[in-house]
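Computed from the coordinates by the stated procedures, all read-outs in this text should not be read as laboratory data. A quick note: this is a predicted structure, and the numbers were derived from the prediction, not measured. Here the Cβ positions follow ideal geometry from the backbone for every residue, glycine too, while neighbour counts run over all protein chains shown.
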């Protein structure tokens, strides 16, 4: 046998092994959806745009909300934790008519030290909030829709 035939006989099986390894790695390392990540309605076409809701925390201490600005996706929940020694009440900023910009975004009751208040943001927008007792203690939650683009 000459050298070209020997190389040809070795090269094709090597290429085949590499291709098989590549296909196997796609299946093994691929990002497949598990059944627990499918949308509630079971529509697989919407599964690409599905994202599980997340929980975020904002901490209040010494008159400051941290983080002051928080970006979330519609459907996420933000828990406001009072780590200070004072009581607070968290409420949405108001429009020019004195109405809450985000209706329902109000702890209504006092949040005692060590307690918390959770709110699920379901609509898009930029929502300012503040401590009802002190208008200067404020923060912002930026809510966007989930997009894979």
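A simple spin-label model places pseudo-atoms 7 Å from Cα toward Cβ; at residue 25 and residue 142 they are separated by 3.7 nm. For the pair residue 85 and residue 11, label points projected 7 Å from Cα toward Cβ lie 8.1 nm apart. Note on segment 55-144: the C-alpha convex hull projects to 5.1 nm² when averaged across all orientations.
As a proxy for reagent exposure, ranking 136, 100 by other Cβ atoms within 10 Å from fewest up yields 136, 100. Length available on full extension from residue 96 to residue 118: 0.36 nm per residue minus the Cα-Cα distance, which gives 5.3 nm.
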